[in-house]
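Asks: Here it is: the structure, laid out below.
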Amino acid sequence: MSSMGSDSEINGLALRKTDKYGFLGGSQYSGSLESSIPVDVARQRELKWLEMFSNWDKWLSRRFQKVKLRCRKGIPSSLRAKAWQYLSNSKELLEQNPGKFEELERAPGDPKWLDVIEKDLHRQFPFHEMFAARGGHGQQDLYRILKAYTIYRPDEGYCQAQAPVAAVLLMHMPAEQAFWCLVQICDKYLPGYYSAGLEAIQLDGEIFFALLRRASPLAHRHLRRQRIDPVLYMTEWFMCIFARTLPWASVLRVWDMFFCEGVKIIFRVALVLLRHTLGTVEKLRSCQGMYETMEQLRNLPQQCMQEDFLVHEVTNLPVTETLIERENAAQLKKWRETRGELQYRPSRRLHGSRAIHEERRRQQPPLGPSSSLLSLPSLKSRGSRAAGGAPSPPPPVRRASAGPVPGAVVTAEGLHPSLPSPTGNSTPLGTSKEARRQEKERQKQEKEREKERQRQEKERQKWEKEQEKEQQKQEKERQKQEKKGRKLSLRRKADGPPAPHDGGDRSESASEARQDAYF
């Protein structure tokens, strides 16, 4: 694959080899150009996604589990941009604000933010063909998006972690679409992450550390002993959504799941990485100090970052929205007791596309047939005449096809149903079949959500029991090693001082016993 027509031409090279994602080199360069998915399977997935797009609201409200499964399998690359916009509801936001992005682009920005943005442009994916050249179209579009956001959200301004997030979006869609997608990430998925003080990311750091105690007690104990605060290693992971950490194939799979399921995917990925980096005694032996531990976290094992392995581990880790919200309430209470109230109060975090869809439906409730009927101008005018009030201006003349004009007029739903309807329909006003069907559908969805919550709660309790058993097992093993070490020490005292020729071996075995007892 070549980069003809890209920004790499500006650097004086008319042809440079890129991988299938557009990288010219660097740590996220992928040497393999072959896709692991057969062509016929990829085509079938594309057709399924196109069918979902044509009935998107129905799929989100009635068959969300299927949408989630398809996101976990990976969104087809040809439809990824469209899918991200549908999942985040940024497509509707764009349609509701025509010309808004151009208006923000023309507005003068705050010089303090514009200077920082300009300095950060060349740091975003310098090995990608879209951002390889200074002043190229990629950097220009990135500047437009970040500047527009500082004007759209002047209370937040600009945060450096927004730049790589916006750059990933630009790799897949035009600047205006990427802007509204960024707005949804900042407002709905990760509210408060990019505000001054970074209080939201600090709070999520405490939530993450509490979840780590459940997922990997060894890693949690080690980080606590080394006094390594979560914000030292998880800030870039969470704020950049792993865009600077994982191989690019894994980044795209994580983003697919993130847009569908929300922030719990970020928590799960971070827990998987830590569990496979610091989760065993053997791995901790090379991390005796704070410096060694931080170095290990900067150079994560390649095996745990591979696409298939990572997705499998993430989807099987039982960390739910309920568990995250419960820990959020607990950590927020501790925060208030120790630090006082949060200086910045972001909007409520929404866990994925279904939560965003349900919020949108609550904010825009559909009009029932009765309410829409009573809002007709003809009904209002007839109602005023029947009540004896002054006649209102007549509506436009519309000739009826047949039948006399009824004498009695219905002015409210509460009147006797035997009165003739002004529309000529003999059906009494009130709850229609469609409304009853919607109510049944709503009750059915509530039952399904309740079942899902109960199932998740059972899974959580089962997982907690397994973790408790594992901790008891590790504690017994530790006590056994300590007992063995004490016996060995007593035996040495009884045997007297060691002989000179085998002292080295005894010392080495004693240190091993102490090391095992430590872990």
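The values are calculated or read from the model by the stated rules, or taken from the named source; none is laboratory data. In this text the structure is predicted, and so the values were computed from the model without any measurement. So basically every Cβ, Gly included, is an ideal-geometry build from the backbone, and we count neighbours across all protein chains shown. Note: accessible area is taken over every heavy atom of the protein model, side chains too, but ligands, DNA and RNA are not part of it. Shrake-Rupley method; radii C 1.70, N 1.55, O 1.52, S 1.80 Å.
Asks: Under the rule a/c < 1.5 gives rounded, and otherwise a/b versus b/c splits prolate from oblate, where does the range 17-151 land using the Cα gyration tensor? Please list the in-between numbers first.
Replies: Values: a/c = 3.07, a/b = 1.30, b/c = 2.37.
Verdict is oblate for the range 17-151.
Asks: I would also like to ask the following. Ignoring any ligand, DNA or RNA, what whole percent of the accessible area of the range 45-158 comes from carbon and sulfur when the probe is 1.4 angstrom?
Replies: Heavy-atom surface of the range 45-158 belonging to carbon and sulfur, 1.4 Å probe: 50 percent.
Asks: For a protection proxy built on the mean count of beta-carbon atoms within 10 angstrom, sort 198-206, 230-238, 56-64 highest first, please.
Replies: Numbers: 198-206: 20.6, 230-238: 18.9, 56-64: 15.3.
In decreasing order of mean packing, 198-206, 230-238, 56-64 become 198-206, 230-238, 56-64.
Asks: Can you spot the aspartates and glutamates whose alpha carbon is less than 16 Å from residue 483's alpha carbon? Ignore those fewer than 8 places along the same chain.
Replies: Reachable aspartates and glutamates: 475, 512, 516.
Asks: Continuing with this model, one more query. How many nm is it between the label spots at residue 465 and residue 337, if each spot is 7 Å from the Cα in line with the beta carbon?
Replies: Reported label-point gap for residue 465 and residue 337 is 3.0 nm.
Asks: Something else now. So, in Å, what gap is there between the alpha-carbon centers of the range 33-90 and the range 133-150?
Replies: Measuring centre to centre over Cα atoms gives 29 Å.
Asks: Please label the shape of the range 93-169 as rounded, prolate or oblate, based on the square roots a ≥ b ≥ c of the eigenvalues of the alpha-carbon gyration tensor (a/c under 1.5 means rounded; beyond that, a/b larger than b/c means prolate, else oblate).
Replies: It comes out prolate by the Cα gyration axes.
Asks: For the range 74-210, compute the number of Lys pairs whose alpha carbons are separated by less than 23 Å, excluding pairs fewer than 8 positions apart on the same chain.
Replies: Lysine pairs meeting the criterion: 12.
Asks: Output the peptides 82-90, 439-447 sorted from most to least packed, where packing is the average of other Cβ atoms within 10 Å over each peptide's residues.
Replies: 82-90, 439-447
Asks: Another question, if that's okay. Using the Cβ atoms and a cut-off under 9 Å, what net charge is assigned to the surroundings of residue 359, where Lys and Arg are +1 and Asp and Glu are -1?
Replies: +4
Asks: Show 43, 268 ordered by accessible area, largest first, where the area counts protein heavy atoms only and the probe is 1.4 Å.
Replies: 43, 268
Asks: With a probe of 1.4 Å, find how much accessible area the range 253-300 has per residue, and write the answer as a whole number in Å².
Replies: Spelled out: the 1.4 Å probe surface of the range 253-300, per residue, equals 32 Å².
Asks: Could you provide, to the nearest whole Å², the per residue accessible area of the range 163-217 with probe 1.4 Å?
Replies: Per-residue value: 19 Å².
Asks: Leaving out same-chain residues fewer than 8 places away, which lysines sit with a Cα under 29 Å from that of residue 487?
Replies: Hits, sequence-local ones excluded: 283, 469, 473, 476.
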